[in-house]
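Asks: What follows is a single structure, and I will ask about it in a moment.
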Amino acid sequence: MNAEIRPIRTPAEQGLSGELKNLPSSGGARIVALREAAAKAFNDNGLPHRRVEEWKYTDLRTLMREALPVSSPAQSAQVEAHARLLIDTGARRLVIANGAVVPELSDLADLESGLTIQPLATALAAGGDLIARLGTLEPGRYDAALALNTALAADGVAISVAPGAVIERPIHVAHVFSGKAAASFARNLVVLGAGASLTYAESFEGPEGVAYQVNSATEFVVADEASLDLVRVQEEGANALHLSTLLFEVGKAVKLNAFTFTSGAAVTRTSLYARLNGADSAVSFNGAILLKDRQHADSTLFVDHQTTGCESRELFKHVLDDSSRGVFQGKIVVRQPAQKTDGRMMSRALLLGDDAEMDNKPELEIFADDVACGHGATCGAIDDDLLFYLRARGIPLKEAQSLLVQAFVGEAIETVANDELRDALVERAEAWLKARA
Amino acid sequence: MAMLDIDNLHAKIEGEDGKEILKGLSLKVNPGEVHAIMGPNGSGKSTLSYILAGKDDYEVTEGTVTLNGEDLLDMEIDERAAKGVFLAFQYPIEVPGVATMTFLRSALNAQRKKRGEEEISTPDFLRLVREKAAGLGISQDMLKRGVNVGFSGGEKKRAEILQMAILEPKIAILDETDSGLDIDALKIVSEGVNALRSPERGMIVITHYQRLLNHIVPDFVHVMHKGRIVRSGGKELALELEANGYAEYQQDAA
């Protein structure tokens, strides 16, 4: 006899289960089945809590007090006024408001040869090869944020780059939330053919003072010898709850460089799953996370080396003011066939606030015997000797701190290849420091 | 009134059981004067320089320090710099990620701002740095790098002198600027310092060896021992110390 233990469901879980009764119906039998399976998984498992290892430091069951109704479309005039991130970078800009593409604010004209961009809703209605890739990167274990996204997201962008096509102009998907508190879900799919090249940016922003919820997931299918640069900026309003999932499938000899900048939202969880199943690829996942007040941000990475000769690098820099809390969980798995793997992970935190907290949890699981893997973590205040040196030259304390913090996060931002995007990130870090001073 | 007036300065390492390092040190520096402070290791020379610059690790228990009549010890570190105090560090610190040019400009403008002066324009700043850097053999590449990052010992000391040349302090304290320098580097650094001697500027040159004083010829030489100045004289005192060593003072104190 099975004794099923059902924990008491929280109001948020009950509310979400209610939302899951009305799943989107687009996309054909496979997609509908995916949604139903995801909804069932959520109903069975609920929100994760601190006894679930992957969510040890981010007890979503406690942090997510209520479920909000799925958001309705936003007014484009309001959206236009709110969307300001990465606006001057020269990227091709697509706007997603409250989880739905806003065509009148999205630049879909004169697409480069080999580039296809569709709203996901359109792609789902049409079916076809691209949609056949959607949902194929799910990590094969329960992830509440991703399950909710899979079940409830009805729109987003679907992008494909034909084999060999080199898209010079970055694509920027601007996620904006507008209006009253609600939950928005967006699902994006980015498929790069063999030898293709793309710079993809995504940004997240919304109003201050509104306790809205954003759940975004983006799947990246990167075929052999393709090159992908990903840049993310998350500056949600201070009361928002932001959950995002990044899924990568990496072929052989791929170059992948992903960078995340986070300074928004009350609670952030970014989960990243990368499956390296082609040989000799080089991937890096870097981040700069700047938090203040009582903000909480969790970056959890799962890098799965399945085959030989891949290099993976992670560099995460947290700057934690006031009583904010940063979490970095990095797991590198090196499977038995993945000989000659070179994996290195580094997390550094600068604690500016007396009550700030950083939790680091590196995990290495190595089954191959000829690998080089390492990890490191540091936490500390700004070096007093450095501060003294700068101040002894006449630089006031706050300005000296700002210069040193900029230098600290600069090391991570430097990894962004695109000049305009890198400059925009430096500017975002400066803006954060300026607001502090 | 002396420009810098140190009177009966007592200081200890911060904390309850902090060891007393300066035990009644007095020194007056007038504009245009170069004072050398010599002494054996552990006599408190570097502590004096840190206390003048405002480092937090020390506590002044007695005595006063004034700069042009103002209480120096009451000022924040950066305020002292704006008032004209400059410490050339014995071990200049590497500041990765802060480009030397950014650092110099931030420092110069912060000081100007504090003094109620206008910020320097970009072309004027670049001209100033180029001119001063050339004289010290500092390349454009070094200026683009992080402050002192990857610099050799000699390059670090030259970079300190460059900072001093740009910031134009009223009172410069050179803490063992000769340490770690070979003879060529010593010459370049000394020439840089000599170029900054002026009737308006006072200097305190702290050194263990007389060698530096062949290049930077002081007006006065003081011997420091156990936290006090135990003897003062002209530049010939340095030669005497070189010949006889510090043993005499160490025995006296024993």
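The values are calculated or read from the model by the stated rules, or taken from the named source; none is laboratory data. This is a predicted model, so every value here is computed, not measured. Here the Cβ positions follow ideal geometry from the backbone for every residue, glycine too, while neighbour counts run over all protein chains shown. Heads up: the accessible areas ignore ligands, DNA and RNA and are worked out on the full protein's heavy atoms, side chains in. Shrake-Rupley method; radii C 1.70, N 1.55, O 1.52, S 1.80 Å.
Asks: Which of the numbered conditions does A:ILE413 fail, given that it passes all the others? Conditions: (1) within 22 Å of A:MET358 (Cα to Cα); (2) open to solvent by less than 30 Å² (accessible area, probe 1.4 Å); (3) away from chain B (no Cβ under 12 Å).
Replies: (3)
Asks: Among the numbered criteria (1) more than 19 Å from the chain's Cα centre (by Cα); (2) in contact (Cβ under 8 Å) with a residue 12 or more places away in the chain; (3) surrounded by fewer than 23 Cβ atoms within 10 Å (Cβ to Cβ), which one does A:ALA435 miss?
Replies: Unmet for A:ALA435, out of (1) more than 19 Å from the chain's Cα centre (by Cα); (2) in contact (Cβ under 8 Å) with a residue 12 or more places away in the chain; (3) surrounded by fewer than 23 Cβ atoms within 10 Å (Cβ to Cβ): (2).
Asks: Out of curiosity, is A:LEU351 within 14 Å of another protein chain (Cβ to nearest Cβ) and farther than 30 Å from A:THR308 by Cβ?
Replies: No: the conditions fail for A:LEU351.
Asks: Looking for whichever is within 22 Å of A:PHE316 (Cα to Cα), open to solvent by less than 60 Å² (accessible area, probe 1.4 Å) and free of Cβ contacts under 8 Å to residues at least 24 places away in the same chain here; the options are A:ALA407, A:ALA377, A:ALA429. Which one fits? I'd like the intermediate steps shown before the answer.
Replies: Working: A:ALA377 fails: free of Cβ contacts under 8 Å to residues at least 24 places away in the same chain; A:ALA429 fails: free of Cβ contacts under 8 Å to residues at least 24 places away in the same chain.
So the residue among A:ALA407, A:ALA377, A:ALA429 that is within 22 Å of A:PHE316 (Cα to Cα), open to solvent by less than 60 Å² (accessible area, probe 1.4 Å) and free of Cβ contacts under 8 Å to residues at least 24 places away in the same chain is A:ALA407.
Asks: Out of segment A:391-410, which residues are in a helix (DSSP H, G or I), facing chain B (nearest Cβ under 7 Å) and of a type in the set (Gly, Ala, Ser)?
Replies: Matches in segment A:391-410: A:ALA407, A:GLY410.
Asks: Looking at (1) within 14 Å of another protein chain (Cβ to nearest Cβ); (2) in contact (Cβ under 8 Å) with a residue 12 or more places away in the chain; (3) closer than 25 Å to B:ILE204 by Cα, find the lone condition where B:GLY135 falls short.
Replies: Unmet condition: (1).
Asks: Would you check if there is a residue in segment A:380-402 being farther than 30 Å from B:ILE166 by Cβ and either small (Gly, Ala, Ser) or out of contact with any His (no Cβ under 7 Å at 6 or more places or on another chain) (or both)?
Replies: Scanning segment A:380-402, I find at least one residue that is farther than 30 Å from B:ILE166 by Cβ and either small (Gly, Ala, Ser) or out of contact with any His (no Cβ under 7 Å at 6 or more places or on another chain) (or both), so the answer is yes.
Asks: Go through segment A:36-85 and give me each residue that's of a type in the set (S, T, N, Q) and open to solvent by 70 Å² or more (accessible area, probe 1.4 Å).
Replies: A:ASN45, A:THR62, A:SER72, A:GLN75, A:GLN78
Asks: Same structure, new question: For segment A:2-22, how many residues are in a loop (DSSP other than H, G, I, E, B) and either on the phi > 0 side of the Ramachandran plot or modelled with pLDDT of 75 or more (or both)?
Replies: Total meeting the criteria: 5.
Residue-by-condition table, conditions (1) of a type in the set (A, V, I, L, M, F, W, C); (2) on the phi < 0 side of the Ramachandran plot:
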residue	(1), (2)
A:LEU228	yes, yes
A:VAL231	yes, yes
A:ALA240	yes, yes
A:GLY251	no, yes
A:ASN257	no, yes
A:THR260	no, yes
A:ALA265	yes, no
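Asks: Given the conditions (1) closer than 30 Å to B:PRO169 by Cα; (2) buried (at least 20 other Cβ atoms within 10 Å of the Cβ); (3) in contact with a helix residue (DSSP H, G or I) (Cβ under 7 Å, 6 or more places away or on another chain), report the number of the one that A:TYR389 does not fulfil.
Replies: With respect to (1) closer than 30 Å to B:PRO169 by Cα; (2) buried (at least 20 other Cβ atoms within 10 Å of the Cβ); (3) in contact with a helix residue (DSSP H, G or I) (Cβ under 7 Å, 6 or more places away or on another chain), A:TYR389 is out only on (3).
Asks: If you don't mind, another one. Can you pull out every residue in segment B:19-34 that is open to solvent by 20 Å² or more (accessible area, probe 1.4 Å) and not hydrophobic (A, V, I, L, M, F, W, C)?
Replies: Within segment B:19-34, B:LYS19, B:GLU20, B:LYS23, B:SER26, B:LYS28, B:ASN30, B:PRO31, B:GLY32, B:GLU33 qualify.
Asks: Being modelled with pLDDT of 95 or more and surrounded by 17 or more Cβ atoms within 10 Å (Cβ to Cβ) is the filter here; which residues of segment A:115-132 pass it?
Replies: A:LEU115, A:ILE117, A:GLN118, A:PRO119, A:LEU120, A:ALA121, A:ALA123, A:LEU124
Here is a yes/no grid of residues against (1) closer than 24 Å to A:ALA121 by Cβ; (2) buried (at least 20 other Cβ atoms within 10 Å of the Cβ):
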residue: A:HIS172; (1), (2): yes, yes
residue: A:LEU189; (1), (2): yes, yes
residue: A:GLU225; (1), (2): no, yes
residue: A:ALA238; (1), (2): no, no
residue: A:PHE259; (1), (2): no, yes
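Asks: What residue, among those in segment A:153-169 that are open to solvent by 10 Å² or more (accessible area, probe 1.4 Å) and in contact with a Phe, Trp or Tyr (Cβ under 9 Å, 6 or more places away or on another chain), is nearest to A:PRO119 (Cα to Cα)? First the steps, then the outcome.
Replies: Of segment A:153-169, the ones open to solvent by 10 Å² or more (accessible area, probe 1.4 Å) are A:154-155, A:160, A:162-166, A:168-169.
With in contact with a Phe, Trp or Tyr (Cβ under 9 Å, 6 or more places away or on another chain) added as a condition, the list becomes A:154-155.
Values: A:ALA154: 10, A:ASP155: 7 Å.
The extreme case among them is A:ASP155.
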